[in-house]
Amino acid sequence: MILNTIDWVILFGFLLISLGIGFWTSRKNKSASEFFAAGGKMPWWLLGVSMVATTFSTDTPNLVTDIVRQNGVSGNWAWWAFLLTGMLTVFVYAGLWKKSGVLTDVEFYELRYSGKAARFLRGFRAIYLGFLFNVMIMASVSLAAIKIGGVLLGLSPVETVVIAGVITVIYSSLGGLRGVLFTDFLQFFLSLGGAFVAAYVALNHPKVGGLDNLLVHENVVDKLSFFPSFSNPEMWVMLLIIPLLVQWWSTWYPGAEPGGGGYIAQRMFAAKNADHSIKAVLFFNVAHYAIRPWPWIIVALCSIIVFPDLDSFAKAFPAVNSGVATHDMGYPAMLTFIPAGLLGLVVTSLVAAYMSTISTHLNWGSSYLVNDVYKRFINPTASEGKQVLLGRLLTVVLMIFSMLMALVLENALQTFEILLQIGAGTGLIFILRWFWWRVNAISEIVAMVVSFLIALYFAFATHPFGFEELLSWQKLIIGVSITTISWVTASFLTQKTADEQLANFLNKVNPGGPGWKKIIARLSTKGLIQHKAQKWKVPTGIICMIAGSMGVYGLLFSTGLFIYGELLEASGLLLFSVFCGYVIFKLYPKIIAED
């Protein structure tokens, strides 16, 4: 496709504004805290919008399209189920993270644990997440950019990653997290607007013929249900039971970490206080799960009519490499029908989505490498200016490696499943480590190593555990079971965390709960505990988590029912969501009450 003059004006106008924000905010980045946490002074609405913008990447609509084309709307439970861990983070962990006072979530390891194992865990995890895992995520995002660049602009994979990478690195290295947050605010509205434009154009494609025709088309009618068919137990287990009963609490995935973590935690650290931290993550979960999905789903459904199989992609786009012509290509393929002017808006929205996600991951990853590797182990006396400079240099390094990795991946769903398997079984430890004193650094090391080895085994074993073939959910169950047994056993067999370290953690964070009762009694006799026992907030937080999850699911499905024309059911679900919101409103003062 060829962008017209107005399309280029829109695109370059956005890029100039983004660079302007980067230059404007760069003046304030004189310390590591400013560069990586915006000085801890940001309001909830800016942080919440930034989280949404970050998770709205170029690969997200591609992933949703891949899921819908293969498994229907109900296939989205693979990521909808993560709302549960998101709401758990909102009402249980957001306040705890803010009280911890750390700059990165891996710094937490030396707040919670003691000894050489804690130091090793902090350093290794910083490299593992900040470099290896982070590069994989950015490569997945860049893969989506490759497909969009190839379909819309006729760019080769190398041309796409070089152009996108250079622009993003320049912008990301200037403004630090503050620049990311302010630019994310603009990118949020651009991305959301572009998604609605894409859905509108897709619905008006001649082969689709509008919403009414879409909903009755033979290619689509069996893919509209919110839940898998009861007549197919295998799909019911894979798409709904496993995500809701196992996946959400047991697996680690960026943006949906059990107990919070990663760039979500980074936004919490940047909040003014615990109240702003909680509200930011709450806004993110409502917007991410209830507001954004439907434009992507509509485009995905339309793509099934216009491009019913993979061969239709090859015929329509012969210049695109056959290796990337998979189901997730349906989204960029539908964008080719957008007219001039609107095309510029949509392309700009996708560029904005790409920049938002990549800039966040660059800043987040470099924060680990600077704060938790360089400053902690290499140069503890490094000046603030040197840390900021190194952070900027590392953004370039991370971008280069992610660009190279993007050239060998094939589809977004492939990456999603790889990351889920690598993190299988580690989620529960991130939930319990705040509330059970027996969890130690060795517990986390064992969980990390075992989950990785199992993922590696599944990747290369011809007949894993003697079976001819295992489905992804079966691998997940096996991985979770083995990893959980391994780290729990290690918790009881290895050395306990030092009393002084536990006392320091309790005095600073005061998480409460029966898991600390025994240790608090012992430490109190030694005079190490400085606070009085408070009423445990977690039961109230769990009630709010359930109400929040049910309310967001109600809003998600009521929107879908309105689209499907089921007005009575949609209205009922909407009222139910309002009631859930009222429950949270009444209980919220107990959540933010001072310890």
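The values are calculated or read from the model by the stated rules, or taken from the named source; none is laboratory data. Everything numeric here is computed off the predicted structure, so don't read it as measured data. Cβ atoms come from the backbone with ideal geometry, glycine included; neighbour counts cover every protein chain shown.
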(Q) So, in the range 251-285, how many residues would count as being farther than 20 Å from residue 57 by Cβ, surrounded by fewer than 24 Cβ atoms within 10 Å (Cβ to Cβ) and either free of Cβ contacts under 8 Å to residues at least 24 places away in the same chain or in contact with a Ser or Thr (Cβ under 6 Å, 6 or more places away or on another chain) (or both)? (A) 0
Q) Are any of the residues in the range 80-102 farther than 30 Å from residue 502 by Cα, touching a helix residue (DSSP H, G or I) at 6+ places or on another chain (Cβ under 9 Å) and of a type in the set (Ser, Thr, Tyr)? A) no
Q: State whether one or more residues within the range 301-312 are buried (at least 19 other Cβ atoms within 10 Å of the Cβ), out of contact with any Gly (no Cβ under 6 Å at 6 or more places or on another chain) and closer than 26 Å to residue 169 by Cα.
A: no
Q) How many residues, within the range 57-108, are hydroxyl-bearing (Ser, Thr, Tyr), touching a Leu at 6+ places or on another chain (Cβ under 7 Å) and crowded, with 24+ Cβ neighbours inside 10 Å? A) 1
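In the list 192, 186, 181, 155, which residue meets the criterion of being outside any helix (DSSP H, G or I) and either closer than 30 Å to residue 270 by Cβ or at pLDDT below 90 (or both)?
Values: 192 fails: outside any helix (DSSP H, G or I); 186 fails: outside any helix (DSSP H, G or I); 181 fails: outside any helix (DSSP H, G or I).
Of 192, 186, 181, 155, the one residue that is outside any helix (DSSP H, G or I) and either closer than 30 Å to residue 270 by Cβ or at pLDDT below 90 (or both) is 155.
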Q | Conditions (1) at positive phi; (2) surrounded by 24 or more Cβ atoms within 10 Å (Cβ to Cβ): number failed by residue 288 | A | (1)
(Q) Between a residue in the range 153-167 that is under 20 Å from residue 344 (Cα atoms) and any residue that is modelled with pLDDT of 75 or more and among the polar types (S, T, N, Q), which pairs come within a Cβ distance under 7 Å, given they are 6 or more apart or on different chains? (A) 161/142; 164/142
Q.
Being at pLDDT below 90 and touching a Gly at 6+ places or on another chain (Cβ under 8 Å) is true for just one of 85, 60, 55, 65. Which residue is that?
A. 55
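Residues in the range 16-28: is at least one within 18 Å of the chain's Cα centre (by Cα) and part of a loop (DSSP other than H, G, I, E, B)? Show your work before the answer.
Going residue by residue through the range 16-28, those that are within 18 Å of the chain's Cα centre (by Cα) are none.
The answer is no, given that none of the residues of the range 16-28 is within 18 Å of the chain's Cα centre (by Cα) and part of a loop (DSSP other than H, G, I, E, B).
May I ask you to list the residues in the range 501-535 that are assigned to a loop (DSSP other than H, G, I, E, B) and farther than 18 Å from residue 100 by Cβ? So that I can check it myself, show each step before the final result.
Keep residues of the range 501-535 that are assigned to a loop (DSSP other than H, G, I, E, B), which gives 510-513, 526-535.
Selection gives 526, 527, 528, 532, 533, 535.
I'm checking my understanding of the structure. Among residues of the range 92-113 that are of a type in the set (D, E, K, R) and assigned to a helix (DSSP H, G or I), which one is nearest to the chain's Cα centre (by Cα)?
To start, the set of residues in the range 92-113 that are of a type in the set (D, E, K, R) comprises 98-99, 105, 107, 110, 112.
From what is left, the residues that are assigned to a helix (DSSP H, G or I) are 98-99, 110, 112.
Working: 98: 19, 99: 22, 110: 25, 112: 24 Å.
Top of the filtered list is 98.
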(Q) Quick check on residue 220: is it β-branched (Val, Ile, Thr) and over 28 Å from the mean Cα position of the chain (by Cα)? (A) yes
Q. Only one of (1) of a type outside the set (D, E, K, R); (2) at pLDDT 90 or above; (3) within 30 Å of residue 159 (Cβ to Cβ) fails for residue 146. Which number is that?
A. (2)
